[in-house]
1. Starting from the amide H of TRP102, placed 1.01 Å from N in the peptide plane, find each other amide H under 5 Å away whose residue is 5 or more places distant or on another chain.
2. Among the aspartates and glutamates, which have Cα under 12 Å from the Cα of LYS277 when same-chain residues fewer than 8 positions away are ignored?
3. Given the options ASN208, ASN113, ASN156, state which has the largest fluctuation in a GNM of the chain using a 10 Å cut-off (strictly under) for Cα springs.
4. Which of ALA88, ALA69, PRO248 sits farthest toward the positive end of the charge dipole of the chain, with +1 on the Cβ of Lys and Arg and -1 on the Cβ of Asp and Glu?
5. Which entry in (1) 24.3, 75; (2) 18.5, 56; (3) 17.7, 50 matches Rg and Dmax of the Cα atoms in Å derived from the coordinates of this structure?
6. Choose one answer from THR13, THR36, THR223: the residue with the largest mean-square fluctuation in a GNM of the chain with alpha-carbon springs under 10 Å.
7. Counting helices only, and only those DSSP H runs with n ≥ 4, report the 222 nm mean residue ellipticity of the chain as the sum of -39,500 (n - 2.57) divided by its residues, in deg cm²/dmol to the nearest 500.
8. Give the shape of segment 147-272 as rounded, prolate or oblate, defined through the alpha-carbon gyration tensor: a ≥ b ≥ c are the square roots of its eigenvalues, a/c under 1.5 means rounded, and otherwise the shape is prolate if a/b is larger than b/c and oblate if not.
Amino acid sequence: MRKLRGVLCPVATPFDHAGDLYPAKLRHNLAKLGRTRVAAYVLTSWDGEGSLLSGEERRRVWELAIAAADGRPCIAASSAESVHETAALAIAAKETGCEGLWLRSPADYRGPNDEARAALFLRSAADRSPLPVACAVDARRPLSAEAAAQVAQHPNVAAILYRGHDAGWMKAFVEHGGSPESLWIGREDLWREAWDLGSRTAALALANVIPFHLLSIEEALRTREVDAAEELIARAAKAAEIPSLYGPAGLKAAMDFRGSYGGSPRLPLIPVDAEAKAEIEKRLAGLAS
């Protein structure tokens, strides 16, 4: 995986009225993103409804995106419930031309040893992967900062993506030996704190919707215009809640408002209602797309 810095976009997966993949709209969305400085595309992640896709559909999305990416790096979200299936998807991702993997530990089979099982899954999947991996940590798949720093020592782990709420977790990750450059941030509200620690990579679902605003934040941080960065982050605070409040359906509604194709999510997810759409539109007001 090329050394990635800047804003990464976890790309939404478009479906047609029958719930099938919609290749023309994926190409349309990537062409729009291609006119920005988004650093790379993350494909079939949670934001892209990856768990609702078959293995063959994931591969099809990867192939379509790579053909439309104009040389921009593509990272395949290839996690499954088992290490065995994850490894098979990793091989497919390499065959299509993806440069890295995005892994999340399984959410099923929760129990008293969740952290140990999550760390074992990530290390075992990294062992079997022909590509370098980025490992995601979030509220549904918690991992302590110490455990994440240990996973980050694996020679095939390129990054730890943190989508939690605690700035202290990021500091502890670095204190326990995690490299700041291997720390990717998945939330706008912690971007300044992550940057101060040495992180230079943010993977943000809203890059599907308001890439220019997010890139303005990254530029302000890079040029040390701290006040400007904090103001831009504050202005995006309400919009940043859209993916967590409304899920992929809300993200897609936001895309429809801003000239990309969102469309409907795949069943059993359902589109947001009129009231939610009005709230989403209000949260996006004044933000450059």
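The values are calculated or read from the model by the stated rules, or taken from the named source; none is laboratory data. What you see is a predicted model, and the numbers here were worked out from it, not measured in a lab. Neighbour counts are summed over all protein chains in view; Cβ atoms, including those assigned to glycine, are modelled from backbone coordinates with ideal geometry. Please note that ligands, DNA and RNA were not included when accessible areas were found on the heavy atoms of the full protein model with its side chains. Shrake-Rupley method; radii C 1.70, N 1.55, O 1.52, S 1.80 Å.
1. ALA76, ALA77, SER78, ALA134
2. ASP256
3. Sorting by GNM fluctuation, first place goes to ASN113.
4. The one lying farthest along the dipole's positive direction is ALA69.
5. Among (1) 24.3, 75; (2) 18.5, 56; (3) 17.7, 50, the one calculated here is (3).
6. Result for the chain, Cα springs under 10 Å: THR223 fluctuates most.
7. On the way: 12 runs with 130 residues, N = 289.
Rounded to the nearest 500, the figure is -13500 deg cm²/dmol.
8. Values: a/c = 2.40, a/b = 1.43, b/c = 1.68.
Note, shape of segment 147-272 comes out oblate.
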